[in-house]
Amino acid sequence: MNNALQASQVWEAAVELAIADNSLSSLGRAFVRMAHPQAYADTLFRVSVASTTVKDVIEKHALSVMETKLNDILGRDIHIDITIDPSINEREP
């Protein structure tokens with residue numbers, strides 16, 4: 001798997017593409033910014049979020065858009081795997 005720095009750069013590029021073409025709602029934009037990319041390999045892109053609420057909103061309002069943007073960037077079909085890590089909030093300033 002690629003490291004978290006590379007995953008973060010790819011995730012941020014996908015977010016920017018989605019914002020540029022208005023394919024994310026304002027709610028979707030806010031919540032994908034809460035995701036913390038961990039790594040990616042082959043067809044899997046793993047992100048962590050702090051709660052089930054964040055996971056549910058991303059899955060409902062942004063998942064398909066983000067998978068499409070990641071597909072475009074990486075040149076292959078990508079599935080996003082969202083894990084829950086409550087400690088994320090403790091690590092942020």
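The values are calculated or read from the model by the stated rules, or taken from the named source; none is laboratory data. Given the structure is predicted, the values throughout are model-derived calculations rather than measurements. With ideal geometry, Cβ positions are generated from the backbone for all residues, glycine too; neighbour counts draw on all protein chains shown. For the accessible areas, the whole protein counts, side chains as well, though only heavy atoms, and no ligand, DNA or RNA atoms are used. Shrake-Rupley method; radii C 1.70, N 1.55, O 1.52, S 1.80 Å.
At a glance:
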{"item": "For Asp81, residues with placed amide H under 5 Å, excluding near neighbours", "result": "Phe45, Arg46, Val47"}
{"item": "Per residue, the convex hull volume that the Cα atoms of the chain enclose (Å³)", "result": "89 Å³"}
{"item": "Antiparallel bridges, percent of DSSP beta bridges restricted to segment 6-93 (to nearest 5)", "result": "45 percent"}
{"item": "Accessible surface, the chain, averaged per residue in Å² (probe 1.4 Å)", "result": "55 Å²"}
{"item": "Helical segments meeting 20 Å axial Cα length and Kyte-Doolittle -1.0 threshold in the chain (DSSP H)", "result": "4-20"}
{"item": "FRET efficiency estimate (nearest 0.05) - Cβ-Cβ, Asp42 to Ile84, R0 22 angstrom", "result": "0.45"}
{"item": "Residues Arg76 and Ser23, FRET efficiency given R0 of 30 Å [Cβ-Cβ distance, rounded to 0.05]", "result": "0.95"}
{"item": "Other-chain or far-sequence residues with amide H under 5 Å of Ala50's (modelled H)", "result": "Asp85"}
{"item": "Lys, Arg +1 and Asp, Glu -1 on Cβ, resulting dipole of the chain about Cα centre, debye, nearest 20", "result": "100 debye"}
{"item": "Heavy-atom accessible surface of segment 12-93: percent carbon and sulfur, 1.4 Å", "result": "50 percent"}
